[in-house]
Amino acid sequence: MIVGYMGFGEAARAITAGLREAGVEDIVAYDAFRNESLEDRARQIGVALQDGPEGVGRQADIVFSLVTPSSALDVARSAAPYLRTNAVYADLNSCSPKVKRDIAQVLANTGVRFTCVAVMSAVPPLRHKVPMLADGPGAAPLKQAMDPYGMQIDVIDGAIGSAAAIKMCRSVIVKGMEALFLEALLAADAAGVADEVLASADASFGHMTVSELANYLVVRNMQHGERRAHELREAAETVAELGYDPLVTEGAAKRLEWSAQRQKASDGVAQVPASYKAALDILRQSSDNTD
């Protein structure tokens, strides 16, 4: 089996180093930004650099695309004419589900088995054992081929792009929390109460899992949506008064206002759900559920 890479940056090199140690012998790669440093690193790992995408496509049984998200579709187009029939083309880039589907369409009539892969943790520490989710017709063949080498690939049922949707929506939570904590703590520090704010949050939520917290917060928002949106507007003003642009807080207030408007039934009475899933059903079934 020959493993190939479209793009040979830090993540690709980390995965490759792990696969080499696990026993994968034949690895080829192409990177549009090839330089002396890249050549040295490829040589150290034992990777044969190619002069173009055709060098990877004509040899590799498994092709990993690890480029910038903005170039993932163009890279797939450049590789498509050269990919071997029945080869697996695994796009590991952090792209939206739509981009993943567009890539699948590019490869639809080539005989290539495409899989959308979502990398679910930082690559360098875990190398080839970083957790991945995969969907599409190439997901099961990829897992079968790479399991013997220790890759951690979970196959997801569903349409192409499902794995990407999981990763992107998870990123809304994780990266959104990063931005939320940053904004809150900047303001709290300016007020001299950062430690107290965190202690208060610990007292409120420290015993909950993320799933329990999501259920609690979404249901509570639906119970008191308008009031909580108003309170968040006041919080945004507080952040501004403390010297920071309330980018996250204002956006959060808009979302709570949106939710409050759409949870009202035709008689104007707010519907109170018992769970976050019931809350989503209410919002989804709203007569006007666009932003």
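The values are calculated or read from the model by the stated rules, or taken from the named source; none is laboratory data. Every value quoted in this text rests on a predicted model; they were computed, and no experiment measured them. As a convention, Cβ positions derive from the backbone with ideal geometry for all residues, glycine included, and neighbour counts pool all protein chains shown.
Given the condition within 27 Å of the chain's Cα centre (by Cα) and at pLDDT 95 or above, answer yes or no: does some residue in the range 42-51 qualify?
Taking the range 42-51 and keeping what is within 27 Å of the chain's Cα centre (by Cα), we get none.
No: the range 42-51 contains no residue that is within 27 Å of the chain's Cα centre (by Cα) and at pLDDT 95 or above.
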Inset, instruction - For Val75, state whether it is in contact with a strand residue (DSSP E or B) (Cβ under 7 Å, 6 or more places away or on another chain), in contact (Cβ under 8 Å) with a residue 60 or more places away in the chain and farther than 18 Å from Gly158 by Cβ. - result: yes
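Being aliphatic (A, V, I, L, M) and touching an Asp or Glu at 6+ places or on another chain (Cβ under 6 Å) is the filter here, so list the residues in the range 114-159 that pass it.
Taking the range 114-159 and keeping what is aliphatic (A, V, I, L, M), we get 117-120, 122-123, 126, 130, 132-134, 139-140, 142, 145-146, 151, 153, 155-156, 159.
The answer is Leu133, Ile156.
Please specify each residue of the range 3-19 satisfying the condition of being of a type outside the set (Ser, Thr, Tyr), crowded, with 18+ Cβ neighbours inside 10 Å and farther than 14 Å from Val130 by Cα. Show your work before the answer.
Here is the first cut: in the range 3-19, the residues of a type outside the set (Ser, Thr, Tyr) are 3-4, 6-15, 17-19.
Those left that are additionally crowded, with 18+ Cβ neighbours inside 10 Å: 3-4, 6-8, 11-15, 17-19.
Listed by number, the residues that qualify are Val3, Gly4, Met6, Gly7, Phe8.
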Legend entry - All helices (runs of 4 or more DSSP H) inside the range 190-264 with 1 or more residues being touching an Asp or Glu at 6+ places or on another chain (Cβ under 9 Å) and touching a residue at least 24 places away in the same chain (Cβ under 8 Å): 225-241, 247-262
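Kindly provide the set of residues from the range 260-278 that are modelled with pLDDT under 85 and either crowded, with 17+ Cβ neighbours inside 10 Å or hydrophobic (A, V, I, L, M, F, W, C) (or both), ordered by number.
Pass one, the range 260-278, residues modelled with pLDDT under 85: 260-274.
Listed by number, the residues that qualify are Ala260, Arg262, Gln263, Ala265, Val269, Ala270, Val272, Pro273, Ala274.
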Legend entry - Asp157 vs. criteria without any contact (Cβ under 8 Å) to a residue 40 or more places away in the chain and exposed (fewer than 13 other Cβ atoms within 10 Å of the Cβ): yes
Legend entry - Test: residue in the range 54-64 that is within 24 Å of Phe33 (Cβ to Cβ) and of a type in the set (Phe, Trp, Tyr): yes
Inset, instruction - Would you point out the residue of the range 236-247, among those that are within 12 Å of Leu186 (Cα to Cα) and among the aliphatic types (A, V, I, L, M), that is farthest from the chain's Cα centre (by Cα)? - result: Leu242
Legend entry - For Ala164: the one exception among (1) in contact with a strand residue (DSSP E or B) (Cβ under 7 Å, 6 or more places away or on another chain); (2) within 19 Å of Val75 (Cα to Cα); (3) not in a helix (DSSP H, G or I): (3)
Legend entry - Sole exception among (1) crowded, with 16+ Cβ neighbours inside 10 Å; (2) part of a helix (DSSP H, G or I) for Val174, by number: (1)
Legend entry - Those residues of the range 35-56 which are crowded, with 17+ Cβ neighbours inside 10 Å and in contact with a strand residue (DSSP E or B) (Cβ under 7 Å, 6 or more places away or on another chain), in sequence order: Ala42, Val47, Leu49, Gln50, Pro53, Gly55, Val56
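Could you name every one of the helices (runs of 4 or more DSSP H) located completely within the range 94-146 that has at least 2 residues being of a type in the set (Val, Ile, Thr) and surrounded by 18 or more Cβ atoms within 10 Å (Cβ to Cβ)? Before you say what the answer is, go through the steps one by one.
Working: elements: 97-106, 123-126, 139-146.
In the range 94-146, 97-106 are the helices (runs of 4 or more DSSP H) which contain 2 or more residues that are of a type in the set (Val, Ile, Thr) and surrounded by 18 or more Cβ atoms within 10 Å (Cβ to Cβ).
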